[in-house]
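Okay, structure first, notes after.
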Amino acid sequence: MSYQAFILLGAPGCGKGTQGKILGSMLGFLHLSSGDLFRSLDHTTEIGKKVLGFMEKGELVPDEITVELFVQHLQTLADKGALNPERDIVVLDGIPRNTNQADMLDSKINLVGVIHIDILDDDIIFERLQKRAQQENRPDDANPDVVRNRIDVYRKETADLLSYYPPEKIFKIDGNQSVIKVHYDIVQQILRAIGEPVEA
Ligand code: AP5
C-alpha cells in the first residue's frame, strides 16, 4: 500500500510542526510527525529508552528503528480507519531525515511534493527554540549544544534530500515570515502541485 504524500523539510524550528498541524486540521490531509511519534513512546520500555537517548543528544535515531516504527504507525492508522490511502494525503513532518530513510520509504510513498521551509539564519532558530524550551517540556530545546547538533545534523544529512528528489517536486518557502504568511505560501504550492487553480 502506498500513500500520497507531501514532505515538510527544513531545519529544527523552521515551522514544520506548526504548519503540519494547520494542514492536518483540513479534511483530506493527515499530519504525521516522527518526532511526536517518538515523544509519545513509553520511555520506560527498552525501545523508548533507546530512542530517548538519541533525541536527548540531538542525534538521529537509527534508520531501521525509525522506519520500522513509522511504518507500523501508518499501518495502525490504516487499520483503525484513520488513514485512507485513496482519500488522504499524508503530510510527513521529520521523516524521511536522510537519503537512506527516503530509499526505505520509497515503496510506501507516492510523493506529491517536498515543502522546503527555508531558514538560513541560525539565530532565528535558537531564538524560537529557546522560547519553546520555556513554554514546553522539550529537553532537546533547552541545551544550546543539543540545538547546535540538531542544526548540524540537518545541514550534513537531511539537506541532502533537496538533491535526492526531483527539482520540480521541491517547493521552497521562506520560513522567516509570520506563521500565516508561511501557511499562505504553502497552500499556494500545494494547490499547484495537486492541479487546483491558483489565482495570480
Ligand atoms: P523533531 O520533533 O522532528 O524536531 P526538529 O526537526 O528538530 O523540529 P522541531 O520540532 O524543533 O521544529 P519544527 O520545524 O517542527 O518547528 P515548530 O513548528 O515546532 O525531531 C526531534 C528528534 O527526534 C530529532 O532530533 C531526532 O533525535 C528524532 N527524530 C525525529 N524524526 C527522526 C527521523 N526521521 N529519523 C531519526 N531521528 C528522528 O516551531 C518551533 C517553534 O517556533 C515553536 O515554538 C513555534 O511556535 C515557533 N514558530 C513556528 N513558526 C514560526 C514563525 N513563522 N514565526 C515565529 N515563530 C514560529
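Structure notes:
- Integer Hz, Karplus 6.51/-1.76/1.60 couplings in order for the range 150-158, x for Gly and Pro: 4, 5, 4, 4, 4, 5, 7, 10, 6
- The range 96-200 - accessible surface per residue (Å², probe 1.4 Å): 59
- Per residue, the convex hull around the alpha carbon atoms of the range 105-164 comes to 122 Å³.
- In order along the range 18-24, phi translates into HN-Hα couplings of 4, 6, x, 5, 5, 4, x Hz, rounded to whole numbers, per the Karplus curve 6.51 cos²θ - 1.76 cosθ + 1.60 with θ = phi - 60° and x for Gly and Pro.
- Hits among aspartates and glutamates - C-alpha to C-alpha of K169 under 20 Å, sequence gap 8 or more where chains match: D88, D93, D103, D106, D118, E157, D160, D185, E196
- Averaging 1/r over each pair of different alpha-carbon atoms in the range 6-84 and inverting the result gives 13.9 Å, the Kirkwood hydrodynamic radius.
- Under 5 Å from the amide H of N110 lie the amide H atoms of Y3, Q4, A5, each residue being 5 or more positions distant or on a separate chain, with H modelled from the backbone and absent for Pro and chain starts.
- Taking amide H positions as modeled 1.01 Å from N, with prolines and chain starts lacking one, the residues under 5 Å from L83 and 5 or more places away or on another chain are A78.
- Solvent-accessible surface of protein heavy atoms, probed at 1.4 angstrom with all chains present, puts Y154, Y164, Y184 in the order Y184, Y164, Y154, largest first.
- Solvent-accessible area assigned to carbon and sulfur over the chain amounts to 50 percent, based on a 1.4 Å probe.
- Working note: Karplus 6.51/-1.76/1.60 with θ = phi - 60° gives the range 50-59 the couplings 4, 4, 4, x, 6, 4, 5, 8, x, 9 Hz, where Gly and Pro are set to x.
- Shape call, the range 30-130: gyration tensor on alpha carbons, a/c limit 1.5: oblate
- Long-range Cα-Cα pairs in the chain (distance over 30 Å), rounded percent: 18
- Reduced Cα scattering model of the range 128-195, Debye log10 I(q)/I(0), q = 0.18, 0.22 Å⁻¹: -0.93, -1.04
The values are calculated or read from the model by the stated rules, or taken from the named source; none is laboratory data. Bear in mind the structure is a predicted one, so any value in this text is a computation, not a measurement. Just the protein is used for accessible areas: all its heavy atoms, side chains included, with ligands, DNA and RNA removed. Shrake-Rupley method; radii C 1.70, N 1.55, O 1.52, S 1.80 Å.
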